[in-house]
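The structure appears right after this line, and notes come after that.
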Amino acid sequence: MSAAELERAGERDSFANALSVLRRRWPIVLGVVLACVVVAVVHQQRGTKSYAATASVAFQSGTLSDAALQVAPSGSSEPQREANTEVLIAHSPEVAQGVRAQLRIATDPNELLKKVQVEAVPNADVLNIVASTGDPRYSARLASAFAEQYIAFRAKSQLAGIGIAQSRLQRQLTALPAGSPERATIQQSLQRLNELRAVAGGGANIIGLASPGKLVGKSTTTTAIIGLVIGLALAFAIVFLLESLDRRIKSIEEFEREYRLPALTSVPQSTFRIPRAKERQELLEPYRILRSALDFAAVTRQLDRLLVISAVAGEGKTTVSVDLAQTVALTGRRVVLMELDLRRPTFIKHFGLSPGEGLTAALTAGRPLSELLLEPVPALPNFSVLPAGRLPYNPSELLGSPGIAEIISRLASDGSMVVIDAPPLNPVADAQVLLNNSAIHAAILVARLGQTTRDEVRRARAVLDRHMVEPVGLVITGLRDVGRYGYQSYDTVPVSLDTDIEALSPSSSGALGERLTR
């Protein structure tokens, strides 16, 4: 495979893993997104509403006194500077004081200025005065009042400028001797200044009175969309943070990588909700797949004595042992199911047996195996069970005794397959003792999705590397997405273990007989 193909395969795996994470964590994603949307909308609805109204004023460059005296305006070469000056004038405390008097309100001028913004329109001698308050009509009144007071302030300033110019010209006129030719020019200027007093304030005009203010801010729809985006971002961050902190293995592929073993079959979690083995007889399809995989592996190695183990407790190894033994027995082969979990035996629960003697009696009291073997399923006379019996005080030493190998060999002496339910690997030494037993041919590992952690798997793999018995593969339990793996794709014919197996043979007529002898 080329580097480009490997890269594309890695991208597909990453995308598939991301979808798998979202599929598992969708309640968190949905909850966080809904919470963010609701909080955003509620905050927007309950927040203080603001209404903005705009009044527009056109102003002229220069002053009336400059025009009257026919001199060039002082700032005509810098229009941006003049515009900025007009903005500062319109937003000055003096104008705000005039607004306060005009509207007859007690609000402090500085507070009024906080509610008003003045902007110069680019490439035009126009100011936009924007007032924002919680009342749309008051916003309009406030913007219009600022526009009017700005014009009044300009008129007052112009009149003051005209007065100063008149005083200066009058002093010049008084200083000139009678008959001086310059007296006539100064008198003409004084006359023009007197005429301009009548039109003072005409350098600025309101070109747009403010109408009732419009609601400022985002609409409910926009707010909801923003809440959705924030919620998705927050949810993804939380989900992938949880994933990075969660050490549990949640995919079959990851189990295969960590154990360096192939997955032979996967078992739906629904199977483990049924406590009795007899009640699971119609749910054995995953174990038929496992049986076929073991038959294929048996071509190159012996698998007549099979140890079923797991890294930790609670992964389903006992259920796998029981159902695998039943599935093999359905083929007509003799099977002995042996319970070597001498700390927490559960065969009594699976088969509904009464407490009694078992393996420990054969080891410690020399009881014959024929007296201890049970046939819990009457319809399967070729299926025997050897329960653990009374719990010993030294299980590890008992499992490491030569008697265990002798018992396993005797049970398999007539060609029977021996399926051994063993304790978990990591918590106790019992299973590790059995991994060095020469009477055991191979092992299969049971691993549960969403429960076993990477650290537990790595410790179990290290234990396996140090012992003699080699594992064949994995049985993955805890499967929840049953449809993804095809177990619901075909209708199965219910098979009852109450059917007389001995009456069924390859020559028997009927589809049921053919199926059971496959």
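Summary of computed values
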{"quantity": "FRET E, pair Ala365, Ser20, Förster distance 51 Å, beta-carbon r, rounded to 0.05", "calculated": "0.45"}
{"quantity": "Anchor Lys214: lysines whose Cα lies under 28 Å away (excluding residues fewer than 8 positions away in-chain)", "calculated": "Lys49, Lys114, Lys115"}
{"quantity": "Backbone N under 13 Å from the Ala313 label point (7 Å along Cα→Cβ), restricted to the range 393-409", "calculated": "none"}
{"quantity": "Listed residues Met417, Met468 arranged by accessible area, highest first, probe 1.4 Å", "calculated": "Met468, Met417"}
{"quantity": "³J(HN,Hα), Karplus 6.51/-1.76/1.60, whole Hz, each residue of the range 403-414, x for Gly, Pro", "calculated": "x, 5, 4, 5, 5, 4, 5, 5, 5, 9, 5, 9"}
{"quantity": "Distance in nm between pseudo-label sites at Thr107 and Arg458 (7 Å out along the Cβ direction from Cα)", "calculated": "6.6 nm"}
{"quantity": "Residue-normalised accessible area of the range 76-183, given per residue in Å² at a 1.4 Å probe", "calculated": "56 Å²"}
{"quantity": "Pair Ala160, Glu243: separation of 7 Å Cα→Cβ label points (nm)", "calculated": "6.9 nm"}
{"quantity": "Ranking by accessible area, most exposed first, for His441, His43 with a 1.4 Å probe", "calculated": "His43, His441"}
{"quantity": "Radius ratio Rg over Rh of the range 191-345, counting only Cα atoms, Kirkwood formula for Rh", "calculated": "1.64"}
{"quantity": "Amide H contacts of Thr477 (H built 1.01 Å from N, under 5 Å, at least 5 apart or other chain)", "calculated": "Val267, Ala447, Arg448, Leu449"}
{"quantity": "Those lysines that a straight Cα-Cα span of less than 27 Å connects to Lys317, excepting residues fewer than 8 apart in one chain", "calculated": "Lys250, Lys278, Lys349"}
{"quantity": "Ala175/Ala58 FRET efficiency (R0 25 Å; Cβ-Cβ; nearest 0.05)", "calculated": "0.05"}
{"quantity": "Percent accessible area from carbon and sulfur atoms, the range 402-480, protein chains only, probe 1.4 Å", "calculated": "46 percent"}
{"quantity": "Heavy atoms of Glu397: accessible area, 1.4 Å probe, square angstrom to 10", "calculated": "120 Å²"}
{"quantity": "Calculated from backbone phi, Karplus (6.51, -1.76, 1.60) coupling profile of the range 159-167 in Hz, x at Gly/Pro", "calculated": "4, 5, x, 5, x, 5, 5, 5, 4"}
{"quantity": "For the range 306-354 and the range 363-407, distance of Cα centres in Å", "calculated": "13 Å"}
{"quantity": "Radius 15 Å from Cβ of His350, net charge of other residues (Lys, Arg +1; Asp, Glu -1)", "calculated": "+1"}
{"quantity": "Extension gain from Ser219 to Glu470, taking 0.36 nm per residue of separation minus the Cα-Cα distance", "calculated": "83.7 nm"}
{"quantity": "Projected label distance in nm at Leu30 and Asn394, using a 7 Å step from Cα toward the beta-carbon", "calculated": "5.8 nm"}
{"quantity": "Highest average packing first - 444-454, 399-409, Cβ atoms within 10 Å", "calculated": "444-454, 399-409"}
{"quantity": "Cβ crowding within 10 Å averaged over residues, with 256-266, 233-243, 100-110 ranked highest first", "calculated": "256-266, 233-243, 100-110"}
{"quantity": "Karplus-derived 3J(HN,Hα), 6.51/-1.76/1.60, for each residue of the range 185-191, Hz, glycine and proline x", "calculated": "5, 5, 5, 5, 5, 5, 5"}
{"quantity": "Extension gain, Ser292 back to Val41 (0.36 nm per residue minus Cα-Cα distance, nm)", "calculated": "84.5 nm"}
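The values are calculated or read from the model by the stated rules, or taken from the named source; none is laboratory data. What you see is a predicted model, and the numbers here were worked out from it, not measured in a lab. FYI the Cβ positions are ideal-geometry reconstructions off the backbone, even for glycines, and counts take in every protein chain you see. Note: areas computed on protein heavy atoms with side chains; ligands, DNA, RNA excluded. Shrake-Rupley method; radii C 1.70, N 1.55, O 1.52, S 1.80 Å.
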